[in-house]
Structures are given as structure tokens and as C-alpha cells.
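Worksheet for the structure shown next.
The values are calculated or read from the model by the stated rules, or taken from the named source; none is laboratory data. Given the structure is predicted, the values throughout are model-derived calculations rather than measurements. Quick reminder, even Gly has a Cβ in these numbers, built from the backbone with ideal geometry, and neighbours come from all protein chains shown. For accessibility, only protein heavy atoms count, side chains too; no ligands or nucleic acids. Shrake-Rupley method; radii C 1.70, N 1.55, O 1.52, S 1.80 Å.
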Amino acid sequence: MKSFRKELTIRTKSRREFINITPQVEAALRESKIQEGLVLVNAMHITASVFINDDESGLHRDFERFLEKLAPEKPYDQYDHNGYEDNADAHLKRTIMGRECVCAITNGRLDFGPWEQIFYGEFDGKRDKRVLIKIIGE
Ligand code: ZN
């Protein structure tokens, strides 16, 4: 069995952002030369997510509103976590959207269902954050 590891570094311009990282995962898969196996993609930070969904801008605005209803950024003092930090909402949003995704690799390609794309969800951005891509198979 072969294994392949790669890190992506992502720095968003705003505090919250959704980025389609499917092209970077496909590039890593080509680099790995693995034809059959699994790819794990996970955020390496506890205020960011990796998830699979549709690349549709209306849906992304809906995610933003949905998450702001469940865990609003402000007022900062509503959260016990926000003593020295202001990112309690980002921890909660990450927990809702998840840490990672796993995708099957078949014939050297990501074996997606219809419209599936891999997203990085940033909830406390404007600094370098890392995403891990780990591929195993043969
Ligand atoms: Zn924090």
C-alpha cells in the first residue's frame, strides 16, 4: 500500500469564507499516482472545517445565515470562551460543519456523487491555516 501526505496553506481575506479546494485535492491525487484507495482531507485547526457540498453561492449564503443563527459572532461577551479570544463562535461553527471528509478514489479519480465538491470553511481567518490531505491505496 502506498501513502501520500500533503499540506495546503490557506489565508482568507475575511473572518469567514468558504473555498472550493477540490482542484487542490485532485492535484494531490495526481501527484500521489494512487489509483484505488481513500483520501482524507481535514482542517488542522479547531476554528475551520472541511466538508462536502454543492458549489452554489446561494447555498453558501444560506450556510452563513444558518451558522450565524446557531452561533452568532457578536456580542463577544455572550461566550465563556471569549476571555482572551473572540473566536468562540468559530469553534462552534467548526463543530457544526465538521472537521474532515473522506472520499473514495476509483480509477485515479475522486469518486463523487452528483454535485459533490470539497470545501474549506474558515470561521476565524485572516491568518495562515493548514489543511491536511492524506491518501492511502495503490
Ligand atoms: Zn478560541
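Ignoring ligands and nucleic acids, what accessible area does GLU100 show with a 1.4 Å probe (Å², nearest 10)?
80
Relative to the first principal axis of the alpha-carbon coordinates of the chain, what is the inclination of helix 22-32, with its axis defined by its Cα atoms, in degrees from 0 to 90 and to the nearest 10?
Helix 22-32 sits roughly 40 degrees off the main axis of the chain.
Can you compute the helix-only [θ] at 222 nm over the chain? Use -39500 (n - 2.57) per DSSP H run of at least 4 residues, normalise by all residues, nearest 500 deg cm²/dmol.
Values: 3 runs with 35 residues, N = 138.
My calculation for the chain gives -8000 deg cm²/dmol from helical runs alone.
As a test question: what accessible area, to the nearest 10 Å², does ASP124 have when a 1.4 Å probe is rolled over all protein chains in place?
Taking all protein chains as shown, ASP124 has close to 20 Å².
What whole-number value in Å² describes the accessible area per residue of the chain for a 1.4 Å probe? Numbers along the way, then the final one.
Values: 7880 Å² over 138 residues.
With the other protein chains kept in place, the chain gives 57 Å² per residue.
Output the 0 to 90 degree angle, nearest 10, between the alpha-carbon long axis of helix 88-97 and the longest principal axis computed from the alpha carbons of the chain.
For 88-97 against the chain, the angle is about 40 degrees.
Taking the convex hull of the Cα atoms, report for the chain its projected area averaged over all directions, in nm².
Quarter of the Cα hull surface area: 8.6 nm².
Please report the accessible area of LYS126 (heavy atoms, 1.4 Å probe, ligands and nucleic acids excluded) in Å², nearest 10.
120
For region 34-93, just say rounded, prolate or oblate: build the C-alpha gyration tensor, square-root its eigenvalues into a ≥ b ≥ c, call rounded for a/c under 1.5, and beyond that prolate if a/b exceeds b/c, oblate if not. If you can, show how the numbers build up before the last one.
Numbers: a/c = 4.60, a/b = 1.64, b/c = 2.81.
Here region 34-93 falls in the oblate category.
With a cut-off of 8 Å between alpha carbons and a minimum separation of six or more residues, what is the relative contact order of the chain in percent? Could you put the intermediate results ahead of the total?
Numbers: 277 pairs, mean separation 76.1, N = 138.
In percent, rounded to a whole number, it is 55.
Express in nm, to one decimal, how much length is gained between PHE66 and ARG109 on full extension, taking 0.36 nm for each residue of separation and deducting their alpha carbon distance. Show your work: numbers first, answer last.
On the way: separation 43, 0.36 × 43 = 15.48 nm, distance 3.22 nm.
Stretched fully, the PHE66-ARG109 segment lengthens by 12.3 nm.
Between helix 57-70 and the chain, what is the angle of the helix's C-alpha long axis to the longest principal axis, kept within 0 to 90° and rounded to the nearest 10?
Tilt relative to the chain: about 50 degrees.
Can you give me the distance in nm between label points at LEU59 and SER14, each placed 7 Å from the Cα along the Cα-to-Cβ direction?
About 1.9 nm, to one decimal.
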